[in-house]
Amino acid sequence: MKKVLLTGFMLFVITFTINAQSYNNFTLQDLDNNDITLDELIKQGPVMISFWATWCAPCKEEMKKLQPIYEKYKDQGFTYLAVNQDNQKSIAKVKSFINTNNYTFPVVLDLDKKVFEAYGGIGMPYSILIDMNKNIAAKHLGYITGDDKKIEKEIQEVLMAGSNYKGDK
């Protein structure tokens with residue numbers, strides 16, 4: 001009976017966490033120690049926040065697939081923001097990984113995991129697409145080949161919807 005209750009409770013916690021729908025502004029430093037603020041990015045267009053780490057193989061695959069999508073839509077205001085979850089000891093690997101792969105999207109460091117926790121992160125990669133009204137338009141936990149097509153469609157939908165209210169801010 002205890003196992004059933006515990007399992008039910010864990011499913012509730014996971015469901016509640018994944019379904020959390022609140023926007024949380026944050027400011028984190030990028031790899032050059034510049035402050036990046038979510039509110040400022042949202043003013044330009046929708047933002048996909050992707051939590052990742054250098055040790056996470058699915059994270060690396062997602063980034064590889066999202067780089068061309070970022071390049072395709074960045075001039076329309078879209079930002080793919082990679083929020084790194086490595087710890088202080090492995091942080092040196094982050095900049096070299098980004099440079100080696102020629103990634104051009106912004107990368108910020110969430111060393112204390114506060115932003116990851118604020119967005120209900122429970123695993124990686126964990127991505128959240130936020131529209132210009134600060135609504136969470138989509139969430140993805142994990143990454144498998146082909147997810148990039150679904151993500152691109154969601155980005156297109158949010159960009160299309162955004163063109164209707166972009167001037168209203």
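Pairs linking a residue in segment 20-46 that is on the phi > 0 side of the Ramachandran plot to a residue that is in a loop (DSSP other than H, G, I, E, B), with Cβ atoms under 7 Å and 6 or more positions apart or on different chains, are G45/G77; G45/F78; G45/M132. Of all the residues that make up segment 43-59, how many are outside any helix (DSSP H, G or I) and under 21 Å from T100 (Cα atoms)? Result for segment 43-59: 7. If you check E62 against the conditions, is it of a type in the set (D, E), in a helix (DSSP H, G or I) and free of Cβ contacts under 8 Å to residues at least 40 places away in the same chain? Here the answer is no, as E62 does not meet what is asked. Of note, K113 does not satisfy the criterion of being farther than 23 Å from L28 by Cα, surrounded by 12 or more Cβ atoms within 10 Å (Cβ to Cβ) and of a type in the set (K, R).
Pairing each residue of segment 101-130 that is over 16 Å from E61 (Cβ atoms) with any residue that is in a strand (DSSP E or B) and among the basic types (K, R), provided the two are 6+ apart or on different chains, yields C-beta distances under 8 Å for I128/K139; L129/K139.
Would you check which residues across segment 92-131 are hydrophobic (A, V, I, L, M, F, W, C) and under 14 Å from S22 (Cα atoms) and list them?
Answer for segment 92-131, where residues must be hydrophobic (A, V, I, L, M, F, W, C) and under 14 Å from S22 (Cα atoms): V115, F116, A118, I128, L129, I130.
Need the failing condition index for L31 against (1) in contact with a helix residue (DSSP H, G or I) (Cβ under 8 Å, 6 or more places away or on another chain); (2) of a type in the set (A, V, I, L, M); (3) modelled with pLDDT of 95 or more, just the number. Here L31 meets the rest and fails (3).
Every residue in segment 55-89 that is modelled with pLDDT under 95 and in contact with a Ser or Thr (Cβ under 6 Å, 6 or more places away or on another chain), please.
D86
Which of the residues spanning segment 116-158 are surrounded by 18 or more Cβ atoms within 10 Å (Cβ to Cβ) and among the β-branched types (V, I, T)? The answer is I128, I130, I151, I155, V158. Just to be sure, is T79 surrounded by 16 or more Cβ atoms within 10 Å (Cβ to Cβ) and more than 18 Å from I128 (Cβ to Cβ)? In short, no. Being modelled with pLDDT under 85 and of a type in the set (G, A, S): is that true of S22 here? Yes; evaluated as a whole, the condition is true for this residue.
Quick one: would you say E40 is assigned to a helix (DSSP H, G or I) and either at pLDDT below 95 or touching a Ser or Thr at 6+ places or on another chain (Cβ under 7 Å) (or both)? In short, no.
Summed over segment 67-120, the residues that are part of a loop (DSSP other than H, G, I, E, B), out of contact with any helix residue (DSSP H, G or I) (no Cβ under 8 Å at 6 or more places or on another chain) and hydroxyl-bearing (S, T, Y) give a count of 2.
The values are calculated or read from the model by the stated rules, or taken from the named source; none is laboratory data. None of these values were measured; they are calculated from a predicted model. Please note: Cβ atoms are built from the backbone with ideal geometry, for glycine as well, and neighbour counts cover all protein chains shown.
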